[in-house]
Every structure is written in C-alpha cells, then in structure tokens.
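One structure is given here, and the rest of the page talks about it.
The values are calculated or read from the model by the stated rules, or taken from the named source; none is laboratory data. Everything numeric in this text was worked out from a predicted model, so none of it was measured. Please note: Cβ atoms are built from the backbone with ideal geometry, for glycine as well, and neighbour counts cover all protein chains shown. To get the accessible areas, we keep the full protein, side chains included, count just its heavy atoms, and leave off ligands, DNA and RNA. Shrake-Rupley method; radii C 1.70, N 1.55, O 1.52, S 1.80 Å.
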Amino acid sequence: MRAGRAVVAKAPLQAPLHVSAHPLVREKLTRLRDERTPATEFRRLVHEIATLVLYEATADLALVDQPVRTPLADWTGARLKEKVGLVPVLRAGIGMVEAALALMPEAQVWHIGLFRDERTLRPIEYYNKLPGEATVQVCLVLDPMLATGGSAVATIDLLKKWGAERIKYVGIIAAPEGVRALSAAHPDVPIHIAALDERLNEKGYIVPGLGDAGDRQFGT
Ligand code: PRP
Ligand code: URA
C-alpha cells in the first residue's frame, strides 16, 4: 500500500469504505492504541486524527462561487454550497467535534446520545433533540468506534427519518463486523476511518482496538 493514499474499498453491499493510509494517521493511531497513553494525550490524538480523517472525508463537499476583493483585485473564491451538520454520538464522539468545527466553523452540531447495553450490545437512545425537519443537507456522524455497528445504524436511521439528504460516517477504528452491518443497513453512507481492525471479541470490543474510547477520553 502506498503511504499517503486513502484506500477505497467496496465493503459488501456497496457502501464505499475509506481507510486513511496517511503516515501521520498511522503514527498517531499507534500512540492512541497504546494502553500507557494518558487521557490528556489521548484526547489530543483523537482531535488530531479526527482532523486528518475529516480532511479526507470532506474532499467532495460541493462549492459555490464567492466573490471577494483582495487589497489588489476582485477575485472569485468559493464557499461551501450545503449546510453541514456534525452529529457526535455521545459520549466518545464529543472528542471529534472541536476538530470538525475548526475545519467547518459554521457547521451545526446535533448531539445524539446512545449507549450500548452491556448484555445485548444493542444501542439504547437517551438524548435526541433533533427538530421536526432537517436543518442541514450534509450530516457527518462522528463516533470514533464502529464495533457491532448498532450505534451507527441507529444514528443514521434517526437522521434519515429527520430528512438528512446526505450522510457520511466519520470514525477512527472499525471492526469488519461493524462495517458490514452499517453497509448492509445504509449502503448509501460512505464510511471514513483511520483503521480497519481484525475482529470483535466476545464482549463486543474491537481487537486490537484501543479499549473503551469514552473511558479513555474522559478518564472514567
Ligand atoms: C461506544 C462508541 C460507539 C459504540 C460502538 O459507545 O463510542 O458509540 O460504543 O459500538 P457499536 O458499534 O457496537 O454500537 P458506548 O456505548 O461505549 O458509550 P460511551 O461512548 O458513552 O462510552
Ligand atoms: N466501543 C468502544 O469504545 N470500544 C470498542 O472496542 C467497542 C465499542
């Protein structure tokens, strides 16, 4: 694989899967996975990796002309054509929001609260303040971990019912099981991640993964 080129693979059932091959992503992921990395550094790495994956995930956002006058001349620049909504999945997705807002300061942020039932691994919804109708055209779902895929599928179900026209999933580490589940439920939703890991263990954790992304970010 050539460094610096995103790997675009077709997961079963067609959702395009983009796994970053950027050397900086690989290097930062190594420190993120390390069990000795403390919460302060873990949060910084989540931010930095999110920035790099988001840079790749937003490469196809549509633009319209935006005229400006420089100190020397008129010039036709560009601005984003569509309104962007950032949809962090609580808790772990919170760590990716600031990175996304730094790139897209005008984006709206719509939090979705889900946690996995430890026994069934099914997502339980506990926070959702989406208004009656969609207020953005493009939604970026932010959640570092795609394990069984249940949380991502449930979030995207909500966004589609809300009326979101275009949705992308932006994460950090995925298990093949999660990619298959998300791709089967929402084949129109591209998946952008930093790494595709080996498997899930019997407790639904990604292996090798990084452990519990929420606990490691928030020191719980
Ligand atoms: C984690 C993670 C995802 C979910 C992924 O959240 O942030 O939302 O698990 O697992 P899945 O693909 O099997 O649904 P968790 O439920 O641990 O909640 P937390 O972020 O509040 O700790
Ligand atoms: N959620 C996490 O935080 N880590 C995993 O490995 C799986 C789900």
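All of VAL46, VAL64, VAL68, VAL89 fail the test of being in a strand (DSSP E or B), modelled with pLDDT of 95 or more and within 16 Å of ligand 2 (Cβ to nearest atom), apart from VAL89. Is at least one residue of region 174-190 open to solvent by 10 Å² or more (accessible area, probe 1.4 Å), under 17 Å from LEU29 (Cβ atoms) and near ligand 2 (Cβ under 9 Å from one of its atoms)? The answer is no, given that none of the residues of region 174-190 is open to solvent by 10 Å² or more (accessible area, probe 1.4 Å), under 17 Å from LEU29 (Cβ atoms) and near ligand 2 (Cβ under 9 Å from one of its atoms).
Per-residue answers, yes or no, for (1) surrounded by fewer than 16 Cβ atoms within 10 Å (Cβ to Cβ); (2) within 26 Å of GLU41 (Cα to Cα):
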position	(1), (2)
ALA134	no, no
LEU146	no, yes
ALA194	no, yes
GLY219	yes, yes
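Scanning region 49-61 for residues that are assigned to a loop (DSSP other than H, G, I, E, B) and among the hydroxyl-bearing types (Ser, Thr, Tyr) yields a single hit, THR58.
The lone criterion from (1) open to solvent by less than 40 Å² (accessible area, probe 1.4 Å); (2) under 22 Å from the mean Cα position of the chain (by Cα) left unmet by GLY77 is number (2). Scanning region 195-215 for residues that are more than 8 Å from ligand 2 (Cβ to nearest atom) and charged (D, E, K, R) yields ASP197, GLU198, ARG199, GLU202, LYS203.
Of the residues GLY150, GLY219, GLY171, the single one that is farther than 22 Å from GLN108 by Cβ and touching a Leu at 6+ places or on another chain (Cβ under 8 Å) is GLY150. Starting from region 69-94, take each residue that is at positive phi and list its partners that are open to solvent by less than 30 Å² (accessible area, probe 1.4 Å), counting only C-beta distances under 6 angstrom and pairs at least six apart or across chains. Cβ pairs passing all conditions: none.
A count restricted to region 26-43 and to residues that are assigned to a loop (DSSP other than H, G, I, E, B) and farther than 20 Å from ILE94 by Cα stands at 3.
Considering (1) open to solvent by 40 Å² or more (accessible area, probe 1.4 Å); (2) at pLDDT 95 or above, the lone condition that ALA3 does not fulfil carries the number (2). When residues in region 114-125 are screened for being over 20 Å from the mean Cα position of the chain (by Cα) and open to solvent by 80 Å² or more (accessible area, probe 1.4 Å), 2 of them pass.
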